[in-house]
Amino acid sequence: MLKEFRDFIARGNVVDMAVGIIVGAAFTAIVRSVVSDLIDPLIGLIVGGIDFSDMYVVLSGAVPEGASLAAAREEGAAIFAYGAFISAVINFMIIAFVVFMLVKAINRMRATAEAHRKAAEEQAAVPNPPPGPSELQVLLEIRDELRKRDADAASR
């Protein structure tokens, strides 16, 4: 069973998946920063200078007026954190768009590689025409024809 597990881990797909997860986690951190540090403040500016990610509605419980989302959660109040949800949706949309562009680029590269492979196969399938006479052979034939013509003209 240990050998089977080792073979499974050594397969290229598992290693590729692990690399993808690591890169994805790093990329997610970058996207989270873009959303929380760049996009949310812009949206907050539009909605009146409020920190967008801290927007929430208290459903039940006592929360001091103007408390942050973290403070409201610490109070134990039931809250509807729509700002955090919208930030998560923006994160998802950005990541989904980047993954879409990545898959699109990979598909384009695969299609190009496949077209090159098919062209190479078609080129290999076409038989080469038989080689023609060499330049020396052609010149020798011309010389022989000229001698024959000269000999025929002299004999007349």
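The values are calculated or read from the model by the stated rules, or taken from the named source; none is laboratory data. Every value quoted in this text rests on a predicted model; they were computed, and no experiment measured them. With ideal geometry, Cβ positions are generated from the backbone for all residues, glycine too; neighbour counts draw on all protein chains shown. Heavy atoms of the whole protein, side chains included, go into the accessibility calculation; ligands, DNA and RNA do not. Shrake-Rupley method; radii C 1.70, N 1.55, O 1.52, S 1.80 Å.
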Only one of LEU42, LEU59 is in a strand (DSSP E or B), out of contact with any Asp or Glu (no Cβ under 9 Å at 6 or more places or on another chain) and not charged (D, E, K, R), namely LEU59
message: Looking at the structure I just gave you, is LEU59 more than 26 Å from the chain's Cα centre (by Cα) and surrounded by fewer than 14 Cβ atoms within 10 Å (Cβ to Cβ)?
response: yes
Has the stretch 108-115 got any residue that is among the hydroxyl-bearing types (Ser, Thr, Tyr) and either over 29 Å from the mean Cα position of the chain (by Cα) or farther than 30 Å from GLY20 by Cβ (or both)? no
Cβ pairs under 9 Å, 6+ apart or interchain, first in the stretch 61-72 and more than 17 Å from GLY83 (Cβ to Cβ), second open to solvent by 50 Å² or more (accessible area, probe 1.4 Å) and not basic (Lys, Arg), ordered by first then second residue, are GLY61/GLU75; GLY61/GLY76; ALA62/GLU75; PRO64/GLU75
Scan the stretch 130-141 and give yes if some residue there is among the small types (Gly, Ala, Ser) and more than 30 Å from SER33 (Cα to Cα), otherwise no.
yes
Those residues of the stretch 83-141 which are among the small types (Gly, Ala, Ser), out of contact with any Asp or Glu (no Cβ under 7 Å at 6 or more places or on another chain) and in a helix (DSSP H, G or I) amount to ALA84, ALA88, ALA96, ALA105, ALA111, ALA113, ALA115, ALA119, ALA120, ALA124, ALA125
Margin query: Condition first: within 30 Å of GLU4 (Cα to Cα), part of a helix (DSSP H, G or I) and not acidic (Asp, Glu). Can you find one or more residues in the stretch 25-32 that meet it?
Written below: yes
By residue number, the members of the stretch 25-42 that are touching a residue at least 40 places away in the same chain (Cβ under 8 Å) and open to solvent by less than 60 Å² (accessible area, probe 1.4 Å) are THR28, VAL31, VAL34, VAL35, SER36, ILE39, ASP40
Scanning the stretch 111-156 residue by residue, the ones that are open to solvent by less than 90 Å² (accessible area, probe 1.4 Å) and among the acidic types (Asp, Glu) total 3
Per the filter on the stretch 83-110, residues open to solvent by 70 Å² or more (accessible area, probe 1.4 Å) and closer than 20 Å to VAL34 by Cβ are PHE85, PHE92, MET93, PHE97, VAL99, PHE100, MET101, LEU102
